[in-house]
Amino acid sequence: MTLLEAIAQRHSVRRYTDRPLTANQIDHLNALIDTCNQEGHLHLQLVTDEPRAFSSWMVHYGAFSGVRNYIALVGPKADDLDERIGYYGERLVLEAQRMGLHTCWVALTYRKVANAFTVNPGERLRSVITIGQGVDGGHGHKVKTIDKVARWQGTMPQWFRQGVEAALLAPTAINQQKFRFTLHDGDVVEATHGLGPYAAIDLGIVKLHFELGAAPHPFTWQ
């Protein structure tokens with residue numbers, strides 16, 4: 001499965017079977033997490049066979065069940081922490097999809113379990129991603145039209161269209177898609193987000209999708 005195929009097939013999944021992650025799956029995910037941590041200056045951590053974070057009443061409110069594995073999205077405090085969390089967290093989401101696993105970004109409906117993962121002084125836990133074998137593959141969500149999230153002059157280049165189309169398939173908080181891509185002269189793309197406590201995480205997610213959709217065309221982020 002290519003990354004673009006993973007983008008098309010990925011849906012948020014909240015109900016999981018009791019099938020554990022295999023040793024090979026854990027090793028593969030941890031290797032990619034190490035790469036993401038090095039590139040993104042983060043402290044992402046895979047937590048396996050730990051059901052307590054998703055055993056409270058809030059979890060039932062969020063319709064989660066069977067969650068025993070998740071990725072803790074942790075990093076040093078910084079102005080751009082959320083965007084990096086989104087970008088590299090989504091890299092893990094898409095790779096999980098390629099591995100035949102299912103995922104879901106989770107902002108609130110979980111509880112922090114002592115000793116399950118580490119948040120060092122000066123770091124923040126911003127979110128988690130559930131991961132495992134879903135009861136089903138999830139369902140698609142309604143997406144906005146390109147003209148609602150993109151701005152350009154003249155004829156839209158095909159690479160820009162493909163980037164925006166990939167971004168529209170990205171998960172965002174409450175599926176609100178509060179982002180915008182603006183094409184400037186010289187293949188320069190500006191990406192902005194709206195208001196909301198997780199809007200910057202969403203921006204990192206959609207920027208990764210845009211890059212994958214627009215590839216291999218070279219462009220520059222503003």
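Tabulated data for the structure shown
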{"item": "Cβ-Cβ FRET estimate between residue 47 and residue 136, R0 fixed at 30 Å, reported to 0.05", "result": "0.80"}
{"item": "Among 182-189, 43-50, the order from most to least packed when residues are scored by Cβ within 10 Å on average", "result": "43-50, 182-189"}
{"item": "Cα-Cα P(r), the stretch 90-222, percent of pairs per 10 Å interval", "result": "11, 38, 32, 16, 4, 0"}
{"item": "Scaled radius of gyration (Cα, divided by 2.2 N^0.38 Å) that the stretch 27-139 gives", "result": "1.01"}
{"item": "Fraction of beta bridges assigned by DSSP in the stretch 76-209 that are antiparallel (%, nearest 5)", "result": "85 percent"}
{"item": "Volume per residue that the Cα convex hull of the chain spans, once the total is divided by residue count, Å³", "result": "122 Å³"}
{"item": "Given the chain, longest segment not containing exposed loop trypsin sites (Lys or Arg not before Pro) (DSSP; at most 16 other Cβ within 10 Å)", "result": "145-222"}
{"item": "Over 23 Å (Cα to Cα) - which of 77/142; 144/207; 148/207; 77/148; 178/207; 142/178 fall in this group", "result": "77/142; 77/148"}
{"item": "Exposure of residue 181 as accessible area (Å², to 10), given a probe of 1.4 Å and all protein chains", "result": "0 Å²"}
{"item": "Two-site label geometry, residue 98 and residue 27: point separation in nm, points 7 Å out along Cα→Cβ", "result": "1.8 nm"}
{"item": "Label-point separation, residue 174 to residue 38 (7 Å along Cα→Cβ), nm", "result": "4.0 nm"}
{"item": "For the chain, calculated [θ]222 nm from helices alone, where every DSSP H run of n ≥ 4 adds -39500 (n - 2.57)", "result": "-11000 deg cm²/dmol"}
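The values are calculated or read from the model by the stated rules, or taken from the named source; none is laboratory data. All values derive from a computational prediction rather than experimental measurement. Neighbour counts run over all protein chains shown; Cβ positions are idealised from the backbone, glycine included. These area figures cover heavy atoms from the full protein model, side chains too; ligands, DNA and RNA do not enter into them. Shrake-Rupley method; radii C 1.70, N 1.55, O 1.52, S 1.80 Å.
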